[in-house]
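Trainee: Structure provided below as structure tokens; questions to follow.
Any read-out appearing in this document is the output of simple, stated calculations on the displayed coordinates, not a laboratory observation. Quick caveat, the model's predicted, so the values are computed rather than measured. Please note: Cβ atoms are built from the backbone with ideal geometry, for glycine as well, and neighbour counts cover all protein chains shown.
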Amino acid sequence: MAEEQTPPEDPRGWREIATLVAVALAVVVAAELAVRRVVPDEPPIPEVADGVADLEAGNPELLILGSSHARSFYAVVDRLEPGRAVVVPAEGGTFQVFDWILQHRLSPLIEARTPAGAKVRDRLERLVLVTTYWDMCPAEYAHFEGNLPARSWTFDHYAADVLRDGMDPLNRNFVQARFKQIFGFSLLARERGELPTALREALQPPDRDARFEHRIAVRRDEIEGVEYDVCWDPAGRAAFDAIVDYTQAQGLELTVVLFPLLPATITPKAQATTLARYAEWVKQRAATEGFQVVDMTLGGPLERDDFELDCDHVTPAGNERFAEWALGGPLRILHAEGAR
Amino acid sequence: MSFSDIEFAFFLPLVLLTFWCVPRRAAAQNLFLLGASYLFYATWSLTLLPLLVASTLVDYALARYIDTHRPANRSEDTPAVRSARRRVRVALAASLVWNLGLLCWFKYVGFFATALNELLGLFGLASALPVLELALPVGISYYTLIKLGYVFDVYLGRAKACRNLLTFATFVAFFPQIVAGPIVRGRDLLPQYEKPRSVTPAALRAAALLFLVGYVRKAYVSDVLALNLVNPIFAQPEQYSVLAHWAALLGFAGQVYCDFAGYSEMAIGCAAFFGVALPVNFDRPFLSRSLFEFWRRWHITLNQWLFDYIYNLLTTSRGWFRGRLDVGLMLVFLASGLWHGAAWGFVIWGVLHGVGLVINRRWDVFYRGLCRKDRVWVKRRKTRSYAVAAWALTQIFFVLTLLPFRVPGWEPLVVFTTGLVSSAGQALVEVPGLTTYFGLACCALFLGAEHLLAFEPFRRLGATFFRLPAPARGLVYGLVVVFLVVFLPPAGGAFIYARF
């Protein structure tokens, strides 16, 4: 082998590279600042890791697990006694995702014991599962399989998956999510892929009513259309049963909440098919397994203005209305015994 | 993990920084690069990594054996020389059987079994052969040719066998080239690995620029063409107009070019970060005025390999193939078609190009005859109209032969080909709108500008850019990065040539 060679030093060349990089970076920073002036920088949404961290730090009595709709329960938690409840929201979750989170992220904390053998979180008494009919869709239909690695995995899960299957489009979601997390301070990085639309909308705000009507039509199609045929995924049912079994094994009460939908999106057909079949199935399981169901799909206080433009999620003001109504009525049980 | 995947954005800086912290000795650098390359390969498939390692060991040993036993004077005809010649021939045959056997096993066994079963079915015989569905080891088409070329070179005395296993293993597995080439030659690359590498600011600048251009080509141009034009129209051609059919076909030519040329540029740029110079793989093929020129500009390293180790060896051999240039061309492109994939579409593509090259060669011979008779034909060949006609004919032939390459199966092939002439569909693009047309216009601008840079006034313009002060160039690079961040399709596709 040849011996070590010292490369010729070229300070001017290195200085030139430093200048190129510095100016290019300055352009990127300027673009970031320009985009920030136009596109609103919305705060990041709470994720599974936030819920897990809250559970790890506390000893709650209620554990509220669900998909993005569970985020509405932060307003509920704020009205309860401090430390009483923890919310674990899984963006784009389905029952398979909830089951995975329960088994892999929450159960180690739920079952954690002191050296003396006592439960560390000995106050936990109830799991509140926040769902809609959507949670029973098969993963390949819901197109949300990527959300599990992106939003629920830790590095250990990622490494184990890569060792088993190699890098693939599924586990790539984990890296993409971490990349966005690392560059979370940058709108350019965080909103990559969405920026042209966001910029266009910021410069030329869309007609809110027209978009709302369009989304209502889309949601009606979604709910009453093909979905009710595919909402009976065996894997989803098995995951639901696994959640029920787990809560029973841990001696926890289970409350399944069917979250309110925007009334305008619910057609008579959807009510008679997708939603009725879903609610009936959950209630049948409740009768057999002995858990509580709170069906809020219809009849809640939420109206059109309480929903975001996606016609699915609730606005902050809507969440407050929802919390006020729910704790005064169907979810009164979430209050501590003496406070009800 | 491929170059445009998010993981690579973590992998490359980490490996690069560590590499330049490693003691500047060839052995240390090679050891680190080999580890990084095996790690890179393992991210595709950990279970197929041992195959790469075993394959490397076998060819290292066989090449060493050939080098050691090759007779010094090949023209001598003593018993000892004959015996030595026989031994090295056996070693060469072993390498051929080993490499081509593995390639056939993983890539072609299912294809041939299916074809044979279908053939038996035509004669009313029960299909008996089991069709194996094996995972194709990533890069096997590339590293097989790299190793075979090396063993051939050692056998033919064009190169000495590498004495250091670490150097040889690094040469075979070097991560920028393992997945999709360029198909490097041992005699060019091994000397580079035998010396400690360093990098100069000029080389680093050139490498970074090449990597950036390759990234734009793949992640923007190729993916925008695929997502906005090619994929939707090829998926449901009956909904689209005749113009859309042509746009999709031309778009596919641009897509496949940018996909692979982009990969090659990223590979060359990436290798240069580590002080390794890989050969150029594409040279503006859409400027070609003959098929021969086209294949000297498109996937250069594969075609050089095929011509060196199949065409030249056969047509200059002492046997039946000697001087049979047309047969040689047909064989080269049949091999090229099969190399691209185990499917009839690739075989047809290869045959079409073989025939095209035979016609091209015969035309050249015929035209040379005309020129010898009358010098006016020489002048005619130099006219602009001849050049335009030759260019158009070459490009149309290439674009049309992409059809069997892109469309799987006879029926869809007929549907799409008919759509090039007449279609009941009316649509031009899947989602008409500013975003789609802006994206397609940017792609056309990129491809047009790139090819125009080959011509003198534009070349000077390009050179002027590099003479601009560093802040001005930095401004342009920064704008390119911002453009990519804003407009890059969020879900880019995999590299097409990594599948071959």
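Trainee: If contacts are Cα pairs under 8 angstrom and at least 6 residues apart, what is the relative contact order of the range B:219-309 in percent? Walk me through the intermediate numbers first.
Mentor: Values: 72 pairs, mean separation 17.8, N = 91.
The normalised contact order for the range B:219-309 reaches 20 percent.
Trainee: Can you work out the base-10 log of I(q)/I(0) for the range B:203-487 at q = 0.12, 0.13, 0.15 1/Å, using the Debye formula on its C-alpha atoms alone?
Mentor: These q points yield log10 I(q)/I(0) values of -0.93, -1.07, -1.32.
Trainee: Same structure, new question: Calculate one ³J(HN,Hα) per residue across the range B:285-298 by plugging θ = phi - 60° into the Karplus curve 6.51 cos²θ - 1.76 cosθ + 1.60, and present them in order as whole Hz with x for glycine and proline.
Mentor: After applying 6.51 cos²θ - 1.76 cosθ + 1.60, I find x, 6, 9, 5, 10, 8, 5, 4, 5, 4, 7, 8, 10, 10 Hz.
Trainee: Still on this structure, please answer the following. Please arrange B:Met330, A:Met167 by how many other C-beta atoms lie within 10 Å of their C-beta, fewest to most. Please list the in-between numbers first.
Mentor: Numbers: B:Met330 18, A:Met167 21.
Least crowded to most crowded, the residues run B:Met330, A:Met167.
Trainee: Looking at chain A as a GNM with Cα springs under 10 Å, which of A:Ser67, A:Ser186, A:Ser152 has the largest mean-square fluctuation?
Mentor: Maximum fluctuation in the GNM of chain A, among the listed residues, is at A:Ser186.
Trainee: Straight-line reach from B:Lys373: which lysines have a Cα under 23 Å away, not including same-chain ones fewer than 8 places off?
Mentor: By straight Cα distance, B:Lys373 reaches B:Lys382.
Trainee: Next question. Can you tell me, using C-alpha contacts under 8 Å and at least 6 residues apart, the relative contact order of chain B as a whole percent? Please report the intermediate quantities before stating the final value.
Mentor: Details: 606 pairs, mean separation 85.8, N = 500.
Dividing the mean separation by the residue count of chain B yields 17 percent.
Trainee: To continue, here is another question. If I model a spin label at B:Ala93 and B:Ala27 as a point 7 Å from the Cα along the Cα→Cβ vector, what separation in nanometres do I get?
Mentor: Taking the two extended label points, one gets 3.9 nm.
Trainee: In addition: At a 10 angstrom cut-off on C-beta neighbours, averaged per residue, how do the peptides A:71-77, B:317-323, B:80-86, A:307-313 rank from highest to lowest?
Mentor: On the way: A:71-77: 22.1, B:317-323: 10.6, B:80-86: 13.3, A:307-313: 17.3.
In decreasing order of mean packing, A:71-77, B:317-323, B:80-86, A:307-313 become A:71-77, A:307-313, B:80-86, B:317-323.
Trainee: Hey, what's the Cα Rg ratio for the range B:18-198 versus the globular rule of thumb, 2.2 N^0.38 Å? List each step's numbers first, then the result.
Mentor: Working: Rg = 19.6 Å, N = 181, 2.2 N^0.38 = 15.9 Å.
Rg over 2.2 N^0.38 Å, computed on Cα atoms: 1.24.
Trainee: Tell me the label-point distance for the pair B:Ala463, A:Arg12, using the 7 Å Cα-to-Cβ offset, in nm and rounded to one decimal.
Mentor: 1.9
Trainee: Can I ask one more? Computed FRET efficiency, Cβ-Cβ of A:Glu303 and A:Ala22, R0 56 Å: what is it to the nearest 0.05? It would help to have the intermediate numbers written out before the result.
Mentor: Details: r = 53 Å, r/R0 = 0.95.
It comes out at approximately 0.55.
Trainee: Can you say what percent of the DSSP beta bridges in the protein assembly as shown, counting only those with both residues inside, are antiparallel? Round to 5. Mind dumping the intermediate values first?
Mentor: Details: 2 of 23 bridges.
Taking every DSSP beta bridge with both residues in the protein assembly as shown, the antiparallel ones total about 10 percent.
Trainee: Leaving out same-chain residues fewer than 8 places away, which lysines sit with a Cα under 28 Å from that of A:Lys283?
Mentor: A:Lys269
Trainee: What percent do you get for the relative contact order of the range B:203-487 when only Cα pairs under 8 Å and 6+ apart count?
Mentor: Numbers: 312 pairs, mean separation 74.7, N = 285.
Relative contact order here is 26 percent.
Trainee: Let me ask something additional. Which residues in the range A:35-66 have a backbone N closer than 17 Å to a point placed 7 Å from the Cα of A:Glu253 along the Cα-to-Cβ line?
Mentor: Those under the cut-off are A:60-65.
Trainee: In addition: Anything over 27 Å Cα to Cα? Flag those among B:Lys160/B:Lys195; B:Lys107/B:Lys147; B:Lys107/B:Lys195, in the order listed.
Mentor: Numbers: B:Lys160/B:Lys195 16 Å; B:Lys107/B:Lys147 17 Å; B:Lys107/B:Lys195 36 Å.
Correct reply: B:Lys107/B:Lys195.
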